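The block underneath contains the structure these notes are about, expressed in structure tokens.
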Amino acid sequence: MAKIYGYARISTNKQNIERQVRNIKAAYPTAIIIKEVYTGTKFQGRNELNKLLRLVESGDYIVFDSVSRMSRDAEEGFLLYEELFYKDIELVFFKEPHINTEVYRKAIRNQIQLTGTKADIILEAVNKYLMELAKEQIKIAFEQAEKEVQDLRQRTKEGIETARINGKQIGQTSGSKLTTKKSIQAKEMIRKYSKDFGGSLNDVECIRMIGISRGSYYKYKRELLPEYEKSST
């Protein structure tokens, strides 16, 4: 029985992969979801995709939110598309449905039938032209996806440079402290319960009670000590 796989990928940890998953599940509720976070541009670094490609069999489906999730490199993307097509793997792209493998296969099935006459010379040329046209559409889709990624990188780079020129701070300044609601609450509990601040609990007991990592605990503690020592003098 054919299996349906949904492949979701994000290029940075700041992106949300769940949107892609929701789109896939909405159309294919039984899809087996494969998630991957990857920041490069080559297939060699996409471990989960490579595993999936070794797993799929003839008749299986791989569903993508967009062709850009399959590849941001047009040349590699088209080669992979053709490889999977001839292995009878069905590819589905929500944003580019015109290049789904089903459409490509339909174009092949609908080729003009030859007649056994001299007219076949013309008909063969027409069939070849239609197939080349279908291939060209697939290539264009991959090239457009690659261009969109490059344009986004360029706009981001230009935006950062413009902000710098205008004197805006980009990122966190060196030595500054990031303050969050969680860190404020954790520090209040450290002040109240840690022996180093007049409380009754040792470090291990404090970490367990507050429910934060050892790294965060000691970081907050280091930030609190100068303030505590100053108020105690």
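Which is under 21 Å from F85 (Cα atoms), charged (D, E, K, R) and at pLDDT below 85, of K42, K14, K51? Steps first, answer last, please.
Numbers: K14 fails: under 21 Å from F85 (Cα atoms); K51 fails: at pLDDT below 85.
One residue alone meets the criteria, K42.
Out of (1) modelled with pLDDT of 70 or more; (2) closer than 30 Å to K95 by Cβ; (3) open to solvent by less than 60 Å² (accessible area, probe 1.4 Å), the odd one out for T162 is which?
Going through (1) modelled with pLDDT of 70 or more; (2) closer than 30 Å to K95 by Cβ; (3) open to solvent by less than 60 Å² (accessible area, probe 1.4 Å) one by one, T162 breaks only (3).
Looking at the stretch 23-39, which of its residues are modelled with pLDDT of 85 or more, open to solvent by 40 Å² or more (accessible area, probe 1.4 Å) and part of a loop (DSSP other than H, G, I, E, B)? It would help to see each step written out before you state the result.
Going residue by residue through the stretch 23-39, those that are modelled with pLDDT of 85 or more are 23-36.
Next, only the ones that are open to solvent by 40 Å² or more (accessible area, probe 1.4 Å) stay: 23, 25-30, 32-33, 35.
Hits for the stretch 23-39 are Y28, P29, T30.
Being at pLDDT below 85 and open to solvent by less than 30 Å² (accessible area, probe 1.4 Å): is that true of G116 here? Outline the logic, then answer.
Numbers: at pLDDT below 85: yes; open to solvent by less than 30 Å² (accessible area, probe 1.4 Å): no.
No.
Quickly run through the stretch 75-95 and pick out the residues that are surrounded by 20 or more Cβ atoms within 10 Å (Cβ to Cβ) and assigned to a loop (DSSP other than H, G, I, E, B).
I89, the sole residue that qualifies.
The values are calculated or read from the model by the stated rules, or taken from the named source; none is laboratory data. In this text, all values refer to a predicted model and were calculated from it rather than measured experimentally. Note that we place each Cβ from the backbone using ideal geometry, even for glycine, and neighbour counts take in every protein chain shown. Heads up: the accessible areas ignore ligands, DNA and RNA and are worked out on the full protein's heavy atoms, side chains in. Shrake-Rupley method; radii C 1.70, N 1.55, O 1.52, S 1.80 Å.
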